[in-house]
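**Q** Shown below is the structure under consideration.
The values are calculated or read from the model by the stated rules, or taken from the named source; none is laboratory data. Everything numeric here is computed off the predicted structure, so don't read it as measured data. Using ideal geometry, Cβ is built from the backbone for each residue, glycine included, and neighbour counts are taken over all protein chains shown. To get the accessible areas, we keep the full protein, side chains included, count just its heavy atoms, and leave off ligands, DNA and RNA. Shrake-Rupley method; radii C 1.70, N 1.55, O 1.52, S 1.80 Å.
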Amino acid sequence: MPEDSGRRPFTVGVVGTGYVGLTSAACLAHLGHRVIGADIDATKVAALRRAEVPIAEPGLADLVGAHVADGGLTFTTDLAELATAEVILLCVPTPAHADGTADLAPFDAAVAALADVLRHDAVVVVKSTVPVGTTRRTARALGRSAVSNPEFLREGHAVHDFLHPDRLVVGTVPGPGEGRATATVTALYGGISAPLVRTDAASAELAKYASNAFLALKLSYVNVLAELCEHVGADIGDVAGAMRLDPRIGAAFLSPGPGWGGSCLPKDTRALLRTATEAGVDFAVLADTVTANEHQHDRVVRKIREAVTGSAEGSLDGVRLGLLGMAFKAGTDDVRESPALAVADRLACAGAVLTGYDPGVRRTAELGAVRWADEVGLVAKDAAGLVLLTEWPQFRQLDWRQLAALTDRPVLVDTRDLLDAGSVVRAGFSYHRLGR
């Protein structure tokens, strides 16, 4: 899409100021639009009006602060203030029920509340991750065309990804106003250069789920491959290194780890499986991906047990372990469905006493059975072993010799293959990795 494609400033309403909504609002204000962020949480809105950002995301607080100050970004709890908006972005959370279906109650409530507020020519854009058919249903409820414009933001890189996307997907519900709606959403991103995929709303909705589910599949594949390497005497680093050189496969998402998690991949894989089941499609490869991820948590615990006790059957009852990293990945404070916590829960069930440290996670985060430590030394002190669970780059710079001296037994299980083996061994640790 040309950078100046139909570029002009819009008045934009963003419904929902969570991770996607707040990033979208701040970045659109940065592009020159006048943005009104709406949320039902009065405490959050009051904080955002003071430019206090509750999300740990590089660059986001700076953008919010700058555009709250210049008046380009405002916040409200009153949807009536969106009556002047030419474009409305629906960024309402859609968490998963236990059966994998998306909880659309907050989304539907927002749509119903907007019905009497929208100006007659406002374009409604669904950015929430929603089941296929939701944008069409939204269009019917509001009596106008609607656009599916899914987000592909990586936590820890959200501002960069919004302003420098790999692609922009614009899927429109057929009907009166379809062409104008597509043109408006395309113009909304004027100033951004990226491949533009114009399609129907159902395809756009499915593209979001399909992308995340494929990443989950790739991660599960390499984790199972790492297990195979251990059984046949191969090295997953070398195997994955050879795979990365094949352009048909690509270099990303080929490192073993404790499993995949976060706010998107687990929810979206379950939702896609549910959609397939309802459509009568046997999506066995995706079901196996989810099963493999559960297995990976158990396998990592077995690896830790063997490293610490010397036996796959050894008891962890009362064994003190230090955990390095609680977030589901580096660069974020998000612990939702974190594989680190999934592993920790299993270790706690086996009787282990756990102390954890994470440079990005706030002390107030819900960490289950893990006791919080404010510094790495407290994690290592008197521990029978350390387990690295999140790939924070600053862990490479730790004084491993000092940490080895603090432990009761200098055993280190690196589930992310993050560290230099030679350096850690020279520091005095017995070093264990996946797929080696």
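**Q** Report relative contact order for the range 277-436 in percent, whole number only (criteria: Cα-Cα under 8 Å, sequence separation at least 6).
**A** Relative contact order, the range 277-436: 21 percent.
**Q** Can you send over the carbon and sulfur percentage of the accessible area for the chain, probe radius 1.4 Å, protein chains only?
**A** Here it works out to 54 percent.
**Q** Also, quick follow-up: About the Cα centre, and with charges only on the beta carbon of Lys, Arg (+1) and Asp, Glu (-1), how big is the dipole of the range 174-235? Nearest 20 debye, please.
**A** Magnitude of the dipole: close to 380 debye.
**Q** Please state the charge dipole magnitude for the chain, taken about the Cα centre, from unit charges on C-beta atoms (+1 on K and R, -1 on D and E), reported in debye and rounded to the nearest 20.
**A** Its charge dipole is roughly 300 debye.
**Q** Moving on. Cα-Cα pairs above 19 Å in the range 97-182: how many percent?
**A** When all Cα pairs of the range 97-182 are counted, 46 percent exceed 19 Å.
**Q** Could you tell me the convex hull volume per residue, in Å³, taken over the Cα atoms of the chain?
**A** 150 Å³
**Q** Counting only heavy atoms of the protein chains, get the accessible area per residue of the range 47-140 (1.4 Å probe) and round it to a whole Å² value.
**A** Result: 42 Å² per residue.
**Q** On average, how much area does the Cα convex hull of the range 20-155 cover when viewed from any direction, in nm²?
**A** Over all viewing directions, the range 20-155 projects a mean Cα-hull area of 8.4 nm².
**Q** Then there is this: Counting Lys and Arg as +1 and Asp and Glu as -1, each charge on the Cβ, what is the dipole of the range 376-436 about the Cα centre in debye, to the nearest 20?
**A** 120 debye
**Q** Something else: To the nearest 500 deg cm²/dmol, what mean residue ellipticity at 222 nm is calculated for the chain from DSSP H runs of n ≥ 4 alone, each contributing -39,500 (n - 2.57), summed and divided by the residues?
**A** -12500 deg cm²/dmol
**Q** Give me the Å³ per residue figure for the convex hull around the C-alpha atoms of the range 215-317.
**A** 136 Å³
**Q** Putting +1 on Lys and Arg Cβ atoms and -1 on Asp and Glu Cβ atoms, find which of L378, G360, G175 reaches farthest to the positive end of the dipole of the chain.
**A** Among L378, G360, G175, the one farthest towards the positive end of the dipole of the chain is G175.
**Q** Can you work out ³J(HN,Hα) from phi for every residue in the range 339-345, in order, using Karplus 6.51 cos²θ - 1.76 cosθ + 1.60 and θ = phi - 60°, giving whole Hz and x for Gly and Pro?
**A** x, 4, 6, 5, 5, 4, 4
**Q** OK, next. What percent does the relative contact order of the chain come to when contacts are Cα pairs within less than 8 Å and at least six residues apart?
**A** For the chain, the relative contact order is 13 percent.
**Q** Whole Å is fine, so just give me how far the alpha carbon centre of the range 42-115 lies from that of the range 268-286.
**A** Taking the Cα centre of the range 268-286 as reference, the centre of the range 42-115 is 30 Å away.
**Q** Tell me the Kirkwood radius of the range 355-404: reciprocal of the mean inverse pair distance over distinct alpha-carbon atoms, in Å.
**A** Taking every pair of different Cα atoms in the range 355-404, averaging 1/r and inverting gives 11.7 Å.
**Q** Also, quick follow-up: Remind me, relative contact order of the range 50-176 in percent, using alpha carbon pairs under 8 angstrom and six or more residues apart?
**A** 23 percent
**Q** Oh, and also: Taking H as built 1.01 Å from N, whose amide H comes closer than 5 Å to the amide H of V353, not counting residues under 5 places away?
**A** Amide H neighbours of V353, under 5 Å, 5+ apart: G318, V319, R320, L321.
**Q** Taking θ = phi - 60°, what integer Hz values does the Karplus form 6.51 cos²θ - 1.76 cosθ + 1.60 yield along the range 279-287, in sequence order, with x for Gly and Pro?
**A** Karplus values, whole Hz, x for Gly and Pro: 8, x, 9, 7, 9, 4, 5, 6, 4.
**Q** I'd like to know which of I304, T332, N293 lies farthest towards the positive end of the charge dipole of the chain, counting +1 on Cβ of Lys and Arg and -1 on Cβ of Asp and Glu.
**A** So the residue furthest toward the plus end is T332.
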